[in-house]
Amino acid sequence: MIFLPAIALVMAFAAFTNASAWTAKFAMESAALFAHNPVFGAGPSPTSMQSANMPQASQTIHYDNKFFKNLKANLVMLLLCTMREMPAHAGQAYRAFMYNTLGPNTTQQTEGTVGTGISLTVNFVNYVMGQWADYVNFSDFVMDTTIDPALENVEREMAYRFAESIQALVRAQFDYLRTLDSKTGTYDATTTPYYFTKSQLEQNVASLGIQNVLPIQDRKYHGVIHNAFIGDLYIDSTNNSIVDIMKHTDDGLRRLEELADGDECDVINLFGARWMTSTQVTQSPNWQGSGQTALYTYLAGEDAVVAVKMDRPDRTKLGDGNWKNIQLWRGNYDKPSAFDSAGVIKAGTSYNWIGAFGPPPDTTSRARVWAAVPQTT
């Protein structure tokens, strides 16, 4: 009996000690939880390791080797030309011929009389061949360190450069026709505000028909029109405009959609012509003294301009003038040479083309080229 109070005291002290330990544990956990919650808007404590401590992360850049496409125009002027081929080893000029047209004979034949034979005359024109070439070379150092397929990428840019050159050369020949035959530019916009109109499309197509100029194919002439003029036609809702005429039929509405969208080459069929859009047309600054810039529109019939290419199977293939279809040379220089004994030039790409452009042997223009000022900019 004498030991009972001592035992009770020990048990009471133990219970008090456990409660204190549990209270302390609870207090520590609460403090830790409280530390992770915002206190007076201060937010959580920052981490000790940040960007300034880790330059291997903060100063490292990931370079995307899939380059974005740059902006390129539709280059379609070659599709207005008649293509002829000249064999190699046949000189430096290509001569083309054309019979002059015979007039009618309204005189009756005298019975039993042989009469006089007819003499015909022949016109000809020479197309003097020229050469266009460019190349890009790559050092072995850059080829072994670049992150993109540089050779293939640059080949595409070179193809576009060549196609742009062909576009400009063909365009110059069509512009020359305005000097050769005044009918070529008869329907220039010469009255203020010098805008492009539906009537110009209709009149120029009809003008070629009046001159007996044949369509290029599928009973259609081929034309190149600036994208701004497509916008002008589409926003013109005046009486008898294209929009006003076409909106009244289902077929017309479909053609309006075609006018707005077009296909890959922006081909639009209007008034007996197949129109292709391109921003690469001739510009005429200060048109009619207005201070505004006029743009040319091109319409071609059969044989309006002739493009002669020399047959060289191992060289650049021009095709239809679309830069995506042009075949350039591209390759590696596998072995050192006398010019590059150390082999520091590793690869390259180039184009090399021989050809000529010009009108047929005729003084009558088979094209129409007219200027107007765009509203859409």
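Every read-out reported here was derived from the displayed coordinates using simple, explicitly stated rules and does not represent laboratory data. Remember, it's a predicted structure, so these values are computed and weren't measured experimentally. Here Cβ is always computed from backbone atoms with ideal geometry, including for glycine, and neighbour counts include all displayed protein chains.
Arrange the following residues from fewest to most other Cβ atoms within 10 Å of their Cβ: LYS317, LYS66, LYS183.
Neighbour counts put them in this order, fewest first: LYS66, LYS317, LYS183.
Neighbour counts of other C-beta atoms within 10 Å: give me GLU164, GLU85, GLU155, GLU111 arranged from fewest to most.
Listing GLU164, GLU85, GLU155, GLU111 from fewest to most nearby Cβ atoms yields GLU111, GLU85, GLU164, GLU155.
Would you kindly calculate the translational diffusion coefficient of region 155-241, applying Stokes-Einstein with the Kirkwood radius from alpha carbon pairs, for 4 °C and a viscosity of 1.567 mPa s, and quote it in µm² s⁻¹ without decimals?
Diffusion coefficient, whole number: 83 µm²/s.
Could you order the peptides 295-305, 273-283 from most to least packed, using the average number of other C-beta atoms within 10 Å per residue?
Descending mean neighbour count gives 295-305, 273-283.
Spelling out what I want: for every residue of region 149-160, take phi, set θ = phi - 60°, compute 6.51 cos²θ - 1.76 cosθ + 1.60 (Karplus), and round to whole Hz; glycine and proline get x.
x, 4, 4, 5, 5, 5, 4, 5, 5, 5, 4, 5
When the chain is fully extended, how far beyond the present Cα-Cα distance does TYR234 get from ALA206, taking 0.36 nm per residue of separation?
Result: 7.9 nm gained on full extension.
Quick one: which residues, 5+ away or cross-chain, put their amide H under 5 Å from the amide H of ARG84? H built at 1.01 Å from N.
When sequence neighbours closer than 5 places are left aside, the close amide H contacts are ALA307, VAL308, LYS309.
Within a Cβ distance under 15 Å of PRO359, other residues only, what is the Lys/Arg minus Asp/Glu net charge?
Summing Lys and Arg as +1 and Asp and Glu as -1 gives +2.
For ARG315, ARG171, what ranking results if the residue with the fewest other Cβ atoms within 10 Å of its Cβ goes first?
Listing ARG315, ARG171 from fewest to most nearby Cβ atoms yields ARG315, ARG171.
Any of LYS66/LYS317; LYS69/LYS309; LYS69/LYS324 with alpha carbons more than 22 Å apart? Name them for me.
Distance filter (> 22 Å) returns LYS66/LYS317; LYS69/LYS309.
Just need log10 I(q)/I(0) for region 337-377 at q = 0.15, 0.34 Å⁻¹, Debye formula, equal scatterers on the alpha-carbon atoms, no solvent, rounded to two decimals.
For the requested q values the scattering log ratios are -0.72, -1.21.
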